[in-house]
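Each value in this text was obtained by applying a stated rule to the coordinates, not by laboratory testing. Note that the structure is a prediction, hence the values are computed from the model and not measured. As a convention, Cβ positions derive from the backbone with ideal geometry for all residues, glycine included, and neighbour counts pool all protein chains shown.
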Amino acid sequence: MRDRRYRPHKRPRSGKTASNESFEDLLRETRKGKSGDTDYRERSLKIHGLICAKCGREFTHKNRHLLTVHHKDGNHRNNPPDGSNWENLCAYCHEDEHSRELLADYFKDDE
Ligand SMILES: [Zn+2]
Ligand SMILES: [Zn+2]
């Protein structure tokens, strides 16, 4: 018996996350024409969620500024829209990840 006609909606290619609507949101936001590559943070938070990829700490809209975006390849200019180069890390884990770099540099870049 295979009379099931269920067809899955097409999914964003981001892989494991099931954030369909936020993906739409970010597309819309991208079209708004926010300048430059400084809004990758918002996009990453939307794609990967308000959670630290390392320690699993969850964040809310109130303390989300504590969640930072890590570039897996270390290149701030490499911001693929599917978020494959981003990882959301809380300030502590991010500092751990870059124990030799200045986190201030990241915050500056976000502004
Ligand atoms: Zn963490
Ligand atoms: Zn980083």
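Odds and ends about this structure:
- Subset of the range 68-97 [without any contact (Cβ under 8 Å) to a residue 24 or more places away in the chain, of a type outside the set (S, T, N, Q) and buried (at least 16 other Cβ atoms within 10 Å of the Cβ)]: H71
- For the range 68-92, a residue qualifies if it is in a loop (DSSP other than H, G, I, E, B) and under 12 Å from H48 (Cβ atoms), and the qualifying residues are K72, D82, G83, S84, N85.
- If you go through the range 46-67 and keep only what is over 14 Å from A91 (Cα atoms), part of a helix (DSSP H, G or I) and away from ligand 1 (no atom under 13 Å from the Cβ), you end up with K46, I47.
- Of the residues making up the range 66-84, those that are more than 15 Å from K46 (Cβ to Cβ) and out of contact with any Leu (no Cβ under 7 Å at 6 or more places or on another chain) number 9.
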